Amino acid sequence: MAVKRNSKDILIEAASRLFRIRGYYGVGLKDIIEESGIPKGSLYHYFPKGKEELAIEAIIHTKEFVIDEIKRGFDEIEDPIKAIQSHIFHLSEVFGHSENLLGLPIGTIAAETYTTSEQIRMACHEAMEDWQSIYVKKLLEADFSEKRAKELSIVINALIEGGILLSLTAKNGEPLQTIAEQIPLLLINK
């Protein structure tokens with residue numbers, strides 16, 4: 001049974017996609033309206049504070065989507081090294097196809113707005129921390145110390161974000177594949 005999406009959800013999904021691809025300043029409200037097919041009045045009804053308010057909701061939407069993707073893979077593979085490797089190999093396939101216009105999950109919007117919007121910066125920061133907490137949990141299950149798990153979660157997240165950028169610019173998944181292949185070396189010492 002298909003889930004019926006409401007106008008607000010459609011606006012958030014369209015904004016999320018556009019912000020990932022073109023960044024905050026490369027997207028206007030008109031672009032979001034055109035992409036979503038939702039009337040202008042509905043946009044202002046759901047987001048009376050405008051673009052910044054919609055951007056924050058789009059970041060939260062993207063964050064939750066990424067969390068679901070990571071958790072789904074981690075639920076299937078118990079071993080943390082193999083689970084993290086598999087996750088990154090999967091990303092290499094997704095971001096390795098130039099016809100998939102996905103952009104950076106939140107990297108573009110974070111880089112563009114960290115000095116101009118404290119609310120967007122915080123939403124991006126919270127997304128990164130939430131993603132890292134999933135890596136921490138997986139590493140703790142494998143008897144890594146809490147300190148080491150937290151440190152490694154930052155490294156893993158940075159490798160993934162950088163690997164996505166490199167894969168997008170190379171128009172192939174090789175950078176992410178290389179990162180995935182190096183994960184055992186990174187996680188060998190608890």
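The values are calculated or read from the model by the stated rules, or taken from the named source; none is laboratory data. This one's a predicted model, so the numbers in the text were calculated from it and none came from an experiment. Every residue, glycine as well, gets a Cβ built from its backbone with ideal geometry; the counts of neighbours run over all protein chains shown. Each accessible area value is taken on the protein alone, full model and side chains, heavy atoms only, with ligands, DNA and RNA left out. Shrake-Rupley method; radii C 1.70, N 1.55, O 1.52, S 1.80 Å.
Looking at the stretch 170-185, is at least one residue open to solvent by 70 Å² or more (accessible area, probe 1.4 Å) and outside any helix (DSSP H, G or I)? Looking for residues that are open to solvent by 70 Å² or more (accessible area, probe 1.4 Å) and outside any helix (DSSP H, G or I), one finds at least one in the stretch 170-185, hence yes.
Yes or no, residue by residue, for (1) among the hydroxyl-bearing types (Ser, Thr, Tyr); (2) open to solvent by 50 Å² or more (accessible area, probe 1.4 Å); (3) not in a helix (DSSP H, G or I):
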position: Ser92; (1), (2), (3): yes, no, no
position: Pro105; (1), (2), (3): no, no, yes
position: Ala111; (1), (2), (3): no, yes, no
position: Thr116; (1), (2), (3): yes, yes, yes
position: Arg121; (1), (2), (3): no, yes, no
position: His125; (1), (2), (3): no, yes, no
position: Glu129; (1), (2), (3): no, yes, no
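Restricting attention to the stretch 14-24, the residues that are open to solvent by 50 Å² or more (accessible area, probe 1.4 Å) and modelled with pLDDT of 95 or more add up to 0. Residues in the stretch 146-164 include at least one that is assigned to a helix (DSSP H, G or I), among the polar types (S, T, N, Q) and open to solvent by less than 50 Å² (accessible area, probe 1.4 Å). Whether any residue in the stretch 93-110 is at pLDDT 95 or above and closer than 29 Å to Leu18 by Cβ is what I want to check. No: the stretch 93-110 contains no residue that is at pLDDT 95 or above and closer than 29 Å to Leu18 by Cβ. Cβ-Cβ distances below 8 Å connect no pair with a first residue in the stretch 40-59 that is over 25 Å from Ala111 (Cα atoms), a second residue that is aliphatic (A, V, I, L, M) and assigned to a loop (DSSP other than H, G, I, E, B), and a separation of six or more residues or different chains. Taken together, Lys190, Lys138 contain a single residue that is touching a Phe, Trp or Tyr at 6+ places or on another chain (Cβ under 8 Å) and at pLDDT below 95, which is Lys190.
Criterion first (without any contact (Cβ under 8 Å) to a residue 12 or more places away in the chain and open to solvent by 30 Å² or more (accessible area, probe 1.4 Å)) does Glu141 satisfy it? Answer is no for this residue. Screening the stretch 75-89 for residues that are modelled with pLDDT of 95 or more and open to solvent by less than 20 Å² (accessible area, probe 1.4 Å) and picking the one that is farthest from Phe19 (Cα to Cα) gives Ala83.
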